[in-house]
Every structure is written in structure tokens, then in C-alpha cells.
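The values are calculated or read from the model by the stated rules, or taken from the named source; none is laboratory data. What you see is a predicted model, and the numbers here were worked out from it, not measured in a lab. Every residue, glycine among them, receives a Cβ derived from its backbone with ideal geometry; neighbour counts consider all protein chains shown. Only protein heavy atoms, including side chains, enter the accessible area calculation; ligands, DNA and RNA are left aside. Shrake-Rupley method; radii C 1.70, N 1.55, O 1.52, S 1.80 Å.
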Amino acid sequence: MRIGIVGAGTVGSNLARALLGAGHEVMLSSREPESDRMQALIGELGSHASVGTVAQTVAFSNLVILALRWDAVPDAVIAGGDWTGKILIDVTNRLGVPESAAQELAQIAHGARVVKAFNTVGAEHFQNPMFNGERASLLIAGDDEEAKAIVSKLIADLGFEPIDAGNLAVAAHLEDLAELWLHLARGLGRNFAFRIIRR
């Protein structure tokens, strides 16, 4: 799959490494695609990785992952141009606000099929989801069933257990779960993940 990642910080670059390892093609976006930093990162990531503007990344991709601070999101959405029909995975966590980031994103990225995912575990674990022999669970939320099925397959490709938590309104709970993960990490350290267990 051709996957675009809007944002090339810790979350975006770790996702890129994991997705490339699973056999996908990745384009990272940057405001300065030709910068030394971005060229070095692409050189490290290898021949199936590239860099472009936000608009180029959206055009390149079957699926786009938004891995930015929330305050950078509105400008990125505008820069992306036409989002019609694109599956747009929201990884952002905008804490302390009643409406979820994913719900607001769905309102401003017109035509995008928004799915909340990848926000409830530390970015350093994207490449290794196994904890004492068990797969970490990654919860998702969204209104488009086909989009969620595609995202679930992507999550499984990376070795996580995908869990469909419900429609996009549930994304607020996933953002609360991310806040809990960050709170626990202050005491436990970051080397842990959530897992759904069944009887």
C-alpha cells in the first residue's frame, strides 16, 4: 500500500520505519522536503521511502496518517488539498478538550474517511508490538466500516491486535486512554502497552 505520513517527528518517523518493515511504500511530508534533515531521514529509511510536500503526500497515497501536534493540523489540512475519499488516520492527541480531535478533523478535512488509531501506545513500540510474548492491542474508531477494515489490516500487518472500539464519537475515549497511558508512563516508564484479554 502507498501510505503518506503528514509529520516526520518521533511518531511519524517511527511509523514510517514500521510500515516500511511490513512492506509498504511510504512518503513523509515536510514543509522543507529538501532540508538536510529530511534527506538524511529518507536516506536512512531506504528506497521505498520518499519525501514531499503535504499536497504531494496526499496525492501519492492510498491512505494518509496525520502525525502532527494539533495546532499544526488545520494548516496541514488546507495544504493537503483534496481529501475526497482518502482514508485519514488521526494519531493526534488533543488533551483536555471535550470534542475529540478526530471528530473535528472529520469536519475540516472534507471528504476524508477519518479513523482514529495508533494513539494509545508509545511511538517507540510501533516496530515491536510484542510484550512478553503477547501482542499489544491497538484500538480504532471511525464511521466508515470499509476504512476501519483497511486500517485494522494495516495494524495487524505491524503485529498489533486491532480492536474496533466503535464509531468516531468513541475517539474521545481513545484520546482519554492515551492520556492515561502518558500518566502511567510517568511512574511505570514507557515500556508497556494496553491489551484486551478475553475469557
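Laid out as a table, the results:
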| item | result |
| --- | --- |
| Residues of segment 150-199 classified as of a type in the set (D, E, K, R) and either in contact with a Phe, Trp or Tyr (Cβ under 6 Å, 6 or more places away or on another chain) or in contact (Cβ under 8 Å) with a residue 12 or more places away in the chain (or both), total | 7 |
| Filter pass, residue 46 being within 19 Å of residue 79 (Cβ to Cβ), modelled with pLDDT under 95 and not aromatic (Phe, Trp, Tyr) | no |
| Exclusive hit being buried (at least 23 other Cβ atoms within 10 Å of the Cβ) and either part of a helix (DSSP H, G or I) or not acidic (Asp, Glu) (or both), set 3, 42 | 3 |
| Failed item, numbered, when residue 61 is tested on (1) in contact with a helix residue (DSSP H, G or I) (Cβ under 8 Å, 6 or more places away or on another chain); (2) in contact (Cβ under 8 Å) with a residue 12 or more places away in the chain | (1) |
| Close pairs from segment 72-97: first without any contact (Cβ under 8 Å) to a residue 60 or more places away in the chain and under 14 Å from residue 53 (Cα atoms), partner open to solvent by 50 Å² or more (accessible area, probe 1.4 Å) and not in a loop (DSSP other than H, G, I, E, B), Cβ under 6 Å, at least 6 apart | 77/108 |
| Long-range neighbours under 6 Å by Cβ, at least six apart or interchain, first residue under 12 Å from residue 66 (Cβ atoms) within segment 1-25, second open to solvent by 30 Å² or more (accessible area, probe 1.4 Å) and in a loop (DSSP other than H, G, I, E, B) | 7/68 |
| Hits in segment 64-84 (condition: touching a Lys or Arg at 6+ places or on another chain (Cβ under 7 Å) and modelled with pLDDT of 95 or more) | 64 |
| Index of the failed condition, residue 67 passing every other in (1) within 14 Å of the chain's Cα centre (by Cα); (2) open to solvent by less than 10 Å² (accessible area, probe 1.4 Å) | (2) |
| So residue 18, is it within 26 Å of residue 153 (Cβ to Cβ), surrounded by 13 or more Cβ atoms within 10 Å (Cβ to Cβ) and at pLDDT 95 or above | yes |
